[in-house]
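The values are calculated or read from the model by the stated rules, or taken from the named source; none is laboratory data. This one's a predicted model, so the numbers in the text were calculated from it and none came from an experiment. Reconstructed Cβ throughout: ideal geometry from the backbone, glycine too, with neighbour counts over all protein chains shown.
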Amino acid sequence: MKIKLILFLFFVFLFFTQAYGKTTIVVEAEHFDSITPSMEVKEERGASGGNSIEIPLKKSHSKSEVPPSDSGYAEYKIYIPQEGNYQFWARCWWYDHTGNSFFILIDSIAVDKNTPYVTSNTYKKWHWVQGPVFHLTRGIHTIRIQNREDGVRMDQWILTTTPKSRWEPTKKEKETPQYIVK
Ligand SMILES: [Ca+2]
């Protein structure tokens with residue numbers, strides 16, 4: 001009888017952790033599955049793991065908003081363990097107000113006017129930037145970080161089921177390799 005009760009409680013626990021458990025996925029930006037220029041790896045003292053990805057500053061860096069000069073990107077394959085709404089965060093370094101964004105594409109390669117991106121107005125300093133919320137199903141998804149402007153760097157990124165009202169990153173986070181598909 002006692003064993004039945006323990007088993008019952010165990011399955012109740014499993015059900016709740018599956019249905020309501022929190023998931024936070026942390027990825028070093030330099031641990032991509034593939035990368036295409038002009039996106040490149042940049043050694044960075046201030047970055048977690050000593051590396052970031054960047055769209056290098058162009059000599060003719062524009063002072064106004066212009067379309068990206070190429071579709072350079074880094075792409076990641078991630079295992080999502082439970083369906084839900086995931087808040088995207090990225091630890092970024094921006095050059096200025098026309099070098100302060102990356103496109104974020106989920107299971108897509110086509111940029112259009114509705115493609116989400118991350119941006120903020122803190123320059124020349126590593127900081128966490130709040131991105132969009134994505135609804136993701138359980139299984140493998142492709143995350144693409146793509147050129148939107150030059151003079152931008154990314155150190156780490158996060159997908160978490162914990163909403164911003166409950167938690168936001170403030171420091172370098174520990175990578176969760178169990179969610180990165182090799
Ligand atoms: Ca890094």
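Residue under question is THR142, and the condition is that it be surrounded by fewer than 21 Cβ atoms within 10 Å (Cβ to Cβ), within 14 Å of LEU105 (Cβ to Cβ) and touching a residue at least 24 places away in the same chain (Cβ under 8 Å); does it hold? So THR142 passes the test.
Can you pull out the residues in region 43-64 that are of a type in the set (Ser, Thr, Tyr) and more than 16 Å from the chain's Cα centre (by Cα)? Of everything in region 43-64, those that are of a type in the set (Ser, Thr, Tyr) and more than 16 Å from the chain's Cα centre (by Cα) turn out to be SER60, SER62, SER64. The one condition from (1) under 14 Å from the mean Cα position of the chain (by Cα); (2) of a type in the set (Lys, Arg); (3) more than 15 Å from the ligand (Cβ to nearest atom) that ARG91 does not meet is (3). Evaluating GLY139 against the criteria (1) at positive phi; (2) in contact with a Gly (Cβ under 8 Å, 6 or more places away or on another chain) leaves one unmet condition, (2). VAL118 passes every criterion in (1) among the β-branched types (Val, Ile, Thr); (2) within 16 Å of the ligand (Cβ to nearest atom); (3) touching a residue at least 40 places away in the same chain (Cβ under 8 Å); (4) more than 12 Å from GLY151 (Cα to Cα) apart from (3). Exactly one condition in (1) part of a loop (DSSP other than H, G, I, E, B); (2) in contact (Cβ under 8 Å) with a residue 40 or more places away in the chain is not met by ARG153; state its number. It is condition (1) that ARG153 fails. When LYS63, LYS171 are checked against the criterion of being of a type in the set (D, E, K, R) and either closer than 16 Å to ILE53 by Cα or modelled with pLDDT under 95 (or both), LYS63 stands alone in meeting it.
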